[in-house]
Amino acid sequence: MAFGGGCHWCTEAVFQSLKGVIVVEQGFVASVNENSSFSEAVIVHYDPDVISLPILTEVHLLTHNSTSQHSMRKKYRSAVYVYSGIEIRKVKVIFKKLQSQFNEPIITEVLFFKAFKPSEEQFKNYYFNNPKKPFCRTFIEPKLKMLLQQFPKYVDGVTLDD
């Protein structure tokens, strides 16, 4: 499964912080048709016996602006990328169940995964290599704090300075 929405440094750090997530590949994902351009995203390899697709999807929707069509949506496409029609149906059911947590409609799309380009090595594992940088403190730490508050039993390896 792949997830895109905001900066892939943020998305990578969020998913790397979850128990059951085995590997997070940071880079750019393309879908098909009008979504065939590459957009920042991560591929998440996970153990469904430890963390479920509904939890991963909920975390994703809550850690990026999943209800707003802003001017940067080409670079930061809000999407869950899937590999089959069955997965599309599963994710759409999850979205429907989660909609009540949001005041506005979820705009995140469920798209077919077509292609992936990895980020340059210097940008991979960005947060955990640079936790004190201003970008990390300003944009990533609030997402990790939210994880610790709302999903504590799924968080692993995150300690934040106050």
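The values are calculated or read from the model by the stated rules, or taken from the named source; none is laboratory data. As the structure is a prediction and not an experimental result, all values here were calculated from the model. Reconstructed Cβ throughout: ideal geometry from the backbone, glycine too, with neighbour counts over all protein chains shown.
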| Which of (1) over 10 Å from the mean Cα position of the chain (by Cα); (2) buried (at least 19 other Cβ atoms within 10 Å of the Cβ) is the odd one out, the single condition Gly20 does not satisfy? | (2)
| note | When every residue in region 69-85 that is aliphatic (A, V, I, L, M) and modelled with pLDDT of 95 or more is compared, the one surrounded by the fewest Cβ atoms within 10 Å (Cβ to Cβ) is Val82
| task | Report, by residue number, each residue of region 58-94 that is part of a helix (DSSP H, G or I) and within 21 Å of Val32 (Cα to Cα). | result | Gly85, Ile86, Glu87, Ile88, Arg89, Lys90, Val91, Lys92
| field | Subset of region 28-52 (residues that are over 12 Å from the mean Cα position of the chain (by Cα), in a strand (DSSP E or B) and small (Gly, Ala, Ser)) | value | Ala30, Ser39
| query | Which of the residues belonging to region 11-60 are acidic (Asp, Glu) and either over 24 Å from Phe102 (Cβ atoms) or out of contact with any strand residue (DSSP E or B) (no Cβ under 8 Å at 6 or more places or on another chain) (or both)? | reply | Glu25, Glu34, Asp47, Asp49, Glu58
| request: Could you tell me whether region 34-42 includes any residue that is out of contact with any Lys or Arg (no Cβ under 7 Å at 6 or more places or on another chain) and crowded, with 21+ Cβ neighbours inside 10 Å? | output: yes
